[in-house]
Structures are given as C-alpha cells and as structure tokens.
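These notes are about the structure you will find just below.
The values are calculated or read from the model by the stated rules, or taken from the named source; none is laboratory data. Because the structure is a prediction, the values reported are computed rather than measured. Backbone-built Cβ (ideal geometry, glycine too); neighbour counts: all protein chains shown.
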Amino acid sequence: MTKIKTPVIILNVKAYSESMGDKGLALAKACEEVTEESGITTVICPQQFDLGFIAHQTDVPCFAQHIDLKDVGGATGWALPEAAKAAGAAGTLINHAEHRLKLADIDALITRSRALGLTSVLCTNNIQVSAAGAALNPDMIAIEPPELIGTGVPVSKADPDIVTGSLQRVKEINKDVVVLCGAGISTGEDVKAAIELGTAGVLLASGVVKATDPKAVLLDLVSGI
C-alpha cells in the first residue's frame, strides 16, 4: 500500500522549458505552499537531471519520471531505481505514455521499487491494461488515454467509462491499488469529476507547468477535492 496520503495531486513536469532547473524548483515550492495551505497532498515529478536538486530543497514528495531496468554498475546513461532513491525520490512513474515499457520490465520495476521503498505509479491507457497492471501490484495506477494527454480535454469527461471501467476491474483484481485519473486535467472541476468517478486523485502536467500562475492553478485544482 502506498505511503502517500490521498486524495493526491501528482504534477509531472515532463521536459518543458518552464520546468527546468530553478523553474522546476519554483514549481515544487508552489506545490509545497498549496499543500500547507490546503492540507491536500501534492507530489512533483521533476525532470531527471533536477530530481536530487529539488528533492533536497522541498518537503513535497518527489517522484522520478521514469526508471530503467538496469543493474547498478556499467549502465551509462540509464536511470536506475537505486539512483532515484539516493537522489531523494519517494516514488516513480512507470510506463508513462511517453516512455512505454514491456510488461515483464514493468513487473520487475514495480518489484524493485517496492524493495527500495519507492511508491510506484503505473500509467495505463485503457481498461484491459489497467486490469493487467493491477495484477502486478503497483501502489497506484494512473489511467491516461494518450490521445487526451496535453489536450485540456479530461478523460473524466471525454470518456468516463474508461475511468469507471478501469476502477472496477482494478479493484476486483487488487483492492489495495490506488487509482488516479490523468490526461487533460487542468481545472478544479476536472479534479472534482475525477473524484466523483471514484478515483483518489489526478496526474497532470501542462495545465500547471505552462500556466502564468502555477500556484493559482494548483489552488484551483485542490478546490475540486
């Protein structure tokens, strides 16, 4: 079971120029302030090069955006789970739509993450993949149809059946898995819709990262909970 308190807002900053270096730290500080003011848990997924830099300057849980199934040692350029943990990560995304993995690798990475004490957030795109993912025992599953990512059209409105269907199948297979909603989330109303469908929070990116006032957007998001 995940140690992250729900409901939760997980901000994946991706590789946008607006989230590099000090800008990424500013986003983490905004998350920190919103959590302090609202009591709602926020998590940030910094850019890989910024993970340690940000994790050591904020109280907000930091998740890696991706980890690789490579052994410690001769693995030049790969993102090792152990390195993420050493950098200060509290968890990791696995199998994001922009960084897909094979099923066997997903299974191994979830197991390895658990051994390291990293919260695993498995990203899925439909009911079938969500069901298969639940059997692998991740801490969380985030349902994100890739065609809606970055569109501003939330899956909770565009195709709520994917959310409710995935939620039902996941809970039938593994009741301990926390289910989140992703793709197109950008407002408090989107978050409210996701929560009403039965999810425990959201995973989002551009709606906050590219906003003129990220903190104001975050405050709007938590208002939906």
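Scan region 74-88 and tell me whether some residue there is without any contact (Cβ under 8 Å) to a residue 40 or more places away in the chain and aromatic (Phe, Trp, Tyr). Break it down stepwise before answering.
Here is the first cut: in region 74-88, the residues without any contact (Cβ under 8 Å) to a residue 40 or more places away in the chain are 74-88.
Filter once more, keeping what is aromatic (Phe, Trp, Tyr): 78.
Yes, region 74-88 contains at least one residue that is without any contact (Cβ under 8 Å) to a residue 40 or more places away in the chain and aromatic (Phe, Trp, Tyr).
From the list ASP59, ASP68, pick out the single residue that is within 18 Å of the chain's Cα centre (by Cα) and either among the β-branched types (Val, Ile, Thr) or more than 18 Å from CYS123 (Cα to Cα) (or both).
ASP59
So in region 1-29, with the set limited to residues that are among the aliphatic types (A, V, I, L, M) and out of contact with any Ser or Thr (no Cβ under 8 Å at 6 or more places or on another chain), which one is nearest to ASP59 (Cα to Cα)? I'd like the intermediate steps shown before the answer.
Step one: of region 1-29, the residues among the aliphatic types (A, V, I, L, M) are 1, 4, 8-11, 13, 15, 20, 25-28.
This time we only want the ones that are out of contact with any Ser or Thr (no Cβ under 8 Å at 6 or more places or on another chain), so: 1, 15, 20, 26.
Numbers: MET1: 21, ALA15: 22, MET20: 19, ALA26: 13 Å.
Filtering first and then ranking leaves ALA26.
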| Selection within region 99-122 - in contact with a helix residue (DSSP H, G or I) (Cβ under 8 Å, 6 or more places away or on another chain), surrounded by fewer than 23 Cβ atoms within 10 Å (Cβ to Cβ) and assigned to a loop (DSSP other than H, G, I, E, B) | LEU101, GLY117
| request: Return yes when THR6 is within 21 Å of ALA183 (Cα to Cα), in contact with a Cys (Cβ under 6 Å, 6 or more places away or on another chain) and not in a helix (DSSP H, G or I) and no when it is not. | output: no
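Is there a residue being assigned to a strand (DSSP E or B) and among the aromatic types (Phe, Trp, Tyr) anywhere in region 67-78? Working first, answer last.
As a first pass, look at region 67-78 and keep what is assigned to a strand (DSSP E or B): none.
Among the residues of region 67-78, not one is assigned to a strand (DSSP E or B) and among the aromatic types (Phe, Trp, Tyr), which makes the answer no.
Would you check if GLU32 is within 25 Å of LEU136 (Cα to Cα) and either basic (Lys, Arg) or not in a loop (DSSP other than H, G, I, E, B) (or both)? If you could, list the steps in order and put the result at the bottom.
Working: within 25 Å of LEU136 (Cα to Cα): no; either basic (Lys, Arg) or not in a loop (DSSP other than H, G, I, E, B) (or both): yes.
No; evaluated as a whole, the condition is false for this residue.
Looking at this structure, is THR187 over 27 Å from GLY52 (Cα atoms), modelled with pLDDT under 95, of a type in the set (S, T, N, Q) and surrounded by fewer than 16 Cβ atoms within 10 Å (Cβ to Cβ)?
No; evaluated as a whole, the condition is false for this residue.
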| said: Would you confirm, using the coordinates I've provided, whether ALA28 is touching a helix residue (DSSP H, G or I) at 6+ places or on another chain (Cβ under 6 Å), touching a residue at least 24 places away in the same chain (Cβ under 8 Å) and among the small types (Gly, Ala, Ser)? | reply: yes
